[in-house]
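The values are calculated or read from the model by the stated rules, or taken from the named source; none is laboratory data. From a predicted model like this one, the values you see are computed outputs, not experimental measurements. Here Cβ is always computed from backbone atoms with ideal geometry, including for glycine, and neighbour counts include all displayed protein chains.
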Amino acid sequence: MKKSIVLSAVALTGILSSCSTQKATTNTAQTETNMTKEYAYQYYAKVPLTTDISHLTNNEKDVLRLMFKAADIMDDLFWQQAYGPKIDLMDVTKGEAKEYAKINYGPWDRLNNEAPFLSNVSAKPAGATFYPTDMIKEEFNIANLKDGKSPYTIVRRNRQGNLYTIPYHENFKNQLQNASGYLVKASELAEDAGLKKYLQLRAAALLSDDFYASDLAWMDMKNANIDMVVGPIENYEDQLFGYKTSYSAYILVKDVEWSNKLAKFVQYLPELQRNLPVTANYKKEVPGTDSDLNAYDVVYYAGDCNAAGKTIAINLPNDERVQLEKGTRRLQLKNAMKAKFDKILVPIADVLIDESQQKNIKFDAFFSNVMFHEVAHGLGIKNTVNGKGTVRDALKEANSALEEGKADILGLYMVNQLLKKGELTGNQQDYFVTFLAGILRSVRFGASSAHGQANMIAFNYFAEKGAFEKTANGRYKVNAVKMEQAMNGLSELILTLQGNGDYDGVKKLYAEKGVIHPDLQNDLELLKTKNIPVDVVFEQGPQMLGL
């Protein structure tokens, strides 16, 4: 633990714009109230995060208590990855600035293109603290480090100035041992055999950085009333290469009734893959059908998933080996989703969607669009068609936003196909109008996030193809026929870029379409004047469940 703190402090020196950590801290303290006005604390809606746990056994409640303890450790580890020691910032900020730093896990506004909201703080390093702040891409590539591209190593510089790697399980050894201990105790109390096995294997995985066996066990876990996603998972925080993963934790309580409604859709995955609007070479992989769709109430977010914009659905594992062997699990976080629909999407639609189509804004459509976004991660192609390896490796840091864009557009494609088969209720207009309102919600995350950039690509592509028009009163009106055509066209474009591993083509797409143009920016400014929240911040913890 001591070693990781020292390394984080070294990285911190390059993050803050003064020459030493001590001096930087002082300068930050002097300007603690100088927050950005565009995305201040009041733009987050406070939402209590809770659910009914009266049906859980005493053992299951005790397992939840242990999960909370492990999750808190993941939260601290993410602070170290994103910024450095949390205490360095918490000790020198007060009031709203302090609360805003907690939301953002550092002094950079994640929903405002990572802009610093404290004076004397320089731009956020693209590689966060995963790499030395003075390292450039070329140096990393030339070094050819052992496990340099591993999702579970940190890159550091020795006294001679040379780069080397440290495995996560060594760098964060003490904290990971504590987290692993909590999961072992939870496994001993777990009554569901699948949950027991998963917690045992995940506890071991935290100490080895080998998550394959625990991912397979998680895929096989079908019947547990409670669940936990824990460990280094997503690579969004590494905006330098997209190699390094960040620590997260979700604690979940299953909604059995809604889960039963969703179970039937998995059987259609192979058929939907075959019918994708792209040539055969880009859809030859067969998605796993061990995948399951379930609805959960989330009762705790920690670490990466809790930073600024909150996740409302999960599609995991990310390991391509597991995806091809067993598929993925798609977990819909129903209570969080409903909070965003009520607090954000409906008010946005009231301001920006044409009055004639506001009746088409439906929660069931929003739920389905989000759900099939997660399902769509399993469609398309994982390995390039021309020998460049996996899509993720070929596209490097450009992969995340394109993969989110793929999931957005193929999710809508799946909804459209299932509507035609009579497997979904409602009408096409409901899903298309709600999808557009969802884009207007998500682009407020800023073009620096993978999800925000993905939504901008879809928005600008749809605009070019006439999928919607701007009416005389400045509101958006969907043209369903043209939107379906644009949906198919963008699906083909993204799948082709992925299949070809076309890094330069993806970067060109981002440069041309991953930007917010002035007309849309004016609309986003209008939303600010209406005091519509950008996202939610949760009042959460064991106390919210009566634990």
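Test K465 against the criterion of being under 17 Å from L524 (Cβ atoms), more than 24 Å from the chain's Cα centre (by Cα) and charged (D, E, K, R), and give yes or no.
Criteria not met by K465.
Tell me, please, whether a residue that is among the hydroxyl-bearing types (S, T, Y), buried (at least 21 other Cβ atoms within 10 Å of the Cβ), in contact with a strand residue (DSSP E or B) (Cβ under 9 Å, 6 or more places away or on another chain) and outside any strand (DSSP E or B) can be found in segment 171-184.
No, segment 171-184 contains no residue that is among the hydroxyl-bearing types (S, T, Y), buried (at least 21 other Cβ atoms within 10 Å of the Cβ), in contact with a strand residue (DSSP E or B) (Cβ under 9 Å, 6 or more places away or on another chain) and outside any strand (DSSP E or B).
Under 6 Å between Cβ atoms, which residue pairs at least 6 apart in sequence (or on different chains) link something in segment 404-425 that is within 12 Å of M487 (Cα to Cα) and in a helix (DSSP H, G or I) with a partner that is aromatic (F, W, Y) and modelled with pLDDT of 95 or more?
Hits for this filter: L412/F435; V415/Y431.
Select from segment 92-138 the residues that are within 20 Å of F78 (Cα to Cα), of a type in the set (V, I, T) and either in a helix (DSSP H, G or I) or without any contact (Cβ under 8 Å) to a residue 24 or more places away in the chain (or both) and list them in ascending order.
Listed by number, the list holds a single entry, I103.
Matching residues to (1) among the acidic types (D, E); (2) free of Cβ contacts under 8 Å to residues at least 40 places away in the same chain; (3) in contact with a helix residue (DSSP H, G or I) (Cβ under 9 Å, 6 or more places away or on another chain):
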position	(1), (2), (3)
A458	no, no, yes
A472	no, yes, no
V478	no, no, yes
Q498	no, no, yes
Y510	no, no, yes
L527	no, no, yes
V534	no, no, yes
Q540	no, no, yes
M544	no, no, no
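Do we find that E464 is within 22 Å of L402 (Cα to Cα), in contact with a Ser or Thr (Cβ under 9 Å, 6 or more places away or on another chain) and among the charged types (D, E, K, R) in this structure?
no
So K343 fits all but one of (1) at pLDDT 95 or above; (2) within 30 Å of D523 (Cα to Cα); what number is the exception?
Looking at each condition in turn, K343 falls short on (1).
Assigned to a helix (DSSP H, G or I), in contact with a Leu (Cβ under 8 Å, 6 or more places away or on another chain), among the acidic types (D, E) and more than 30 Å from K102 (Cβ to Cβ): is that true of E285 in this structure?
When the stated conditions are applied, E285 does not pass them.
Look through I494, I516 and report the one residue that is hydrophobic (A, V, I, L, M, F, W, C), surrounded by 18 or more Cβ atoms within 10 Å (Cβ to Cβ) and assigned to a helix (DSSP H, G or I).
It is I494.
Tell me which residues, restricted to segment 365-394, are touching a Gly at 6+ places or on another chain (Cβ under 9 Å), part of a helix (DSSP H, G or I) and either farther than 19 Å from Y282 by Cβ or among the polar types (S, T, N, Q) (or both).
A365, F366, S368, N369, V370, M371, F372, H373, E374
Does F363 fit the bill of being surrounded by 18 or more Cβ atoms within 10 Å (Cβ to Cβ) and either polar (S, T, N, Q) or in contact with a helix residue (DSSP H, G or I) (Cβ under 7 Å, 6 or more places away or on another chain) (or both)? Spell out the reasoning first.
Details: surrounded by 18 or more Cβ atoms within 10 Å (Cβ to Cβ): no; either polar (S, T, N, Q) or in contact with a helix residue (DSSP H, G or I) (Cβ under 7 Å, 6 or more places away or on another chain) (or both): yes.
Considered against the rule, which asks whether it is surrounded by 18 or more Cβ atoms within 10 Å (Cβ to Cβ) and either polar (S, T, N, Q) or in contact with a helix residue (DSSP H, G or I) (Cβ under 7 Å, 6 or more places away or on another chain) (or both), F363 comes out as no.
Report, by residue number, each residue of segment 200-219 that is surrounded by 23 or more Cβ atoms within 10 Å (Cβ to Cβ) and in contact (Cβ under 8 Å) with a residue 60 or more places away in the chain.
F211, D215, W218, M219
Which residues, counting only those in segment 300-345, are more than 19 Å from G438 (Cα to Cα), in contact with a Pro (Cβ under 7 Å, 6 or more places away or on another chain) and among the β-branched types (V, I, T)?
The answer is T328, and nothing else.
Which one is surrounded by the most Cβ atoms within 10 Å (Cβ to Cβ) among residues in segment 221-247 that are more than 22 Å from N113 (Cβ to Cβ) and polar (S, T, N, Q)?
Among those residues, the one meeting the criterion is T245.
Within segment 330-357, count every residue that is part of a helix (DSSP H, G or I) and touching a residue at least 40 places away in the same chain (Cβ under 8 Å).
16
Quick one: in segment 149-170, of everything that is free of Cβ contacts under 8 Å to residues at least 40 places away in the same chain and not in a strand (DSSP E or B), which residue is nearest to L206 (Cα to Cα)?
E170
Provide a single number: the residues in segment 57-84 that are surrounded by fewer than 18 Cβ atoms within 10 Å (Cβ to Cβ) and not in a helix (DSSP H, G or I).
Here the count works out to 1.
Given the options K196, K173, K222, name the one that is of a type in the set (K, R) and without any contact (Cβ under 8 Å) to a residue 24 or more places away in the chain. Full working, then the answer.
Values: K173 fails: without any contact (Cβ under 8 Å) to a residue 24 or more places away in the chain; K222 fails: without any contact (Cβ under 8 Å) to a residue 24 or more places away in the chain.
One residue alone meets the criteria, K196.
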